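*Asks:* Okay, handing you the structure first.
Just so you know, all these numbers are worked out from the coordinates, no wet-lab data involved. Bear in mind that the values here come from a model prediction, so they are computed numbers and not experimental data. Using ideal geometry, Cβ is built from the backbone for each residue, glycine included, and neighbour counts are taken over all protein chains shown.
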Amino acid sequence: MANPLIYHKQGWIEVICGCMFSGKTEELIRRVRTALIAKQKVQLFNSKIDTRYGIDSIISHNQNKVAATCVKKSDEILPLVEKDTQVIAIDEINFFDMGIVSVCEKLANAGKRVIVAGLDTDYRAEPFEVTAALLAKAEYVTKNLAVCTKCGNPASFTQRTSKDKKRIVVGTTDAYQARCRRCYKKPRK
Ligand code: ADP
Ligand code: MG
Ligand code: ZN
C-alpha cells in the first residue's frame, strides 16, 4: 500500500535539536543526501549570521559539506523556494527571527517536507524561542547529545568558554564546549 503521507503530498516539519557538537548539521546533511538519492528536489538554507565555515554552504564540525543559500531574515526564504521543491532544509534556526516559525508552517502546509536543525538552548541553558516553538509544532523531533569534553558522559549543554555576554556569539571549539549536566556551569548574568 502506498504511504498515505506521500500519496497526498502531505508536508511536515522535522526538528533536529541539541547542544553544540551534537551532530545536528551532520544529521541534516544525511537526511538531505538520502532525499537527493531518492531524486527529490531539495533546497537548503543557512543563516548569514553563521559565517564560521564560509557562506553558501552548510558544513558540519567534521567537514561534511553541502551547498546552501545564505539568508539574513526569515522572509527571504519563501520567495526563493521553487514550486517543484519537495524538501526544504534549514540549518541554525536559532539564528533566525520568530518569522521562521510561520515560514516553516507555510511550507509544510504547501506539501513540503521541512527539515530544520538548531540549538534548543543558549549558553545559559535557556531555550531559544524559535527552536522551542518549532519543537512544539513539528511532527518529528530528534534531540542529539554530544560528548562532555570534561568527563565523556552524554552532553546536552553548551558551555561558553569566552567571557562574552551577548546571546549570539558565533564560534566553534574556540568559544564553546559540550558539557553534561554535572560539568556545565551556568554563567552569571
Ligand atoms: P552541530 O551542528 O550539532 O554543532 P556538527 O554536526 O557540526 O554538530 O558536528 C558533529 C561532529 O563534531 C561530530 O561528529 C564529531 O566529529 C565532532 N565533535 C567535536 N567535539 C565533539 C563533542 N564534544 N561531542 C561530540 N562530537 C564532537
Ligand atoms: Mg551545526
Ligand atoms: Zn561531564
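*Asks:* By average Cβ neighbour count within 10 Å, what is the ranking of 131-141, 77-87, 40-50 from highest down?
*Replies:* Packing order, densest peptide first, comes out as 40-50, 131-141, 77-87.
*Asks:* Assuming a ≥ b ≥ c are the square roots of the Cα gyration tensor eigenvalues, decide whether segment 108-180 counts as rounded (a/c under 1.5), prolate (otherwise, with a/b larger than b/c) or oblate.
*Replies:* Prolate is the answer for segment 108-180, as a/c is 1.5 or above and a/b outweighs b/c.
*Asks:* Turning to a different aspect of this structure: What is the angle, in °, between the Cα long axis of helix 24-37 and the longest principal axis of the Cα atoms in the chain? Nearest 10 is fine, range 0 to 90.
*Replies:* 20
*Asks:* Classify segment 4-145 from the C-alpha gyration tensor, please: rounded if a/c falls under 1.5, else prolate or oblate depending on whether a/b exceeds b/c.
*Replies:* Numbers: a/c = 1.41, a/b = 1.25, b/c = 1.13.
Rounded.
*Asks:* Quick one: which residues, 5+ away or cross-chain, put their amide H under 5 Å from the amide H of residue 147? H built at 1.01 Å from N.
*Replies:* 155
*Asks:* Quick one: what are the phi-derived ³J(HN,Hα) couplings along segment 137-143, Karplus 6.51/-1.76/1.60 with θ = phi - 60°, whole Hz, x for glycine and proline?
*Replies:* 9, 7, 7, 10, 10, 10, 10
*Asks:* Still on this structure: With axes computed from alpha carbons, what is the tilt in degrees of helix 99-109 against the longest principal axis of the chain, rounded to the nearest 10 within 0 to 90?
*Replies:* Taking Cα atoms only, the helix is inclined about 30 degrees.
*Asks:* Mind putting a number on the dipole of segment 4-145 about its Cα centre? Charges go on the C-beta only, +1 for Lys and Arg and -1 for Asp and Glu, and I need it in Debye to the nearest 20.
*Replies:* 500
*Asks:* Turning to a different aspect of this structure: Using +1 at the Cβ of each Lys and Arg and -1 at the Cβ of each Asp and Glu in the chain, identify which of 32, 156, 168 lies farthest towards the dipole's positive end.
*Replies:* 156
*Asks:* List the residues whose amide H sits under 5 Å from the amide H of residue 119, counting only those 5 or more places along or on another chain, with H placed 1.01 Å from N in the peptide plane.
*Replies:* Hits under the 5 Å cutoff: 93, 94.
*Asks:* Order these peptides, 21-30, 61-70, by their mean beta-carbon neighbour count within 10 angstrom, highest first.
*Replies:* Listed from highest to lowest mean packing, they are 21-30, 61-70.
*Asks:* Still on this structure: Please compare each pair in 106/165; 106/186; 112/143; 24/137; 24/72 to a cut-off of 25 Å on the Cα-Cα distance and tell me which ones are over it.
*Replies:* Values: 106/165 34 Å; 106/186 37 Å; 112/143 22 Å; 24/137 19 Å; 24/72 20 Å.
Flagged as over cut-off: 106/165; 106/186.
*Asks:* What relative contact order, as a whole-number percentage, does segment 61-164 give when Cα pairs under 8 Å and 6 or more residues apart are counted? The partial results should precede the final answer.
*Replies:* Details: 102 pairs, mean separation 22.8, N = 104.
That works out to 22 percent.
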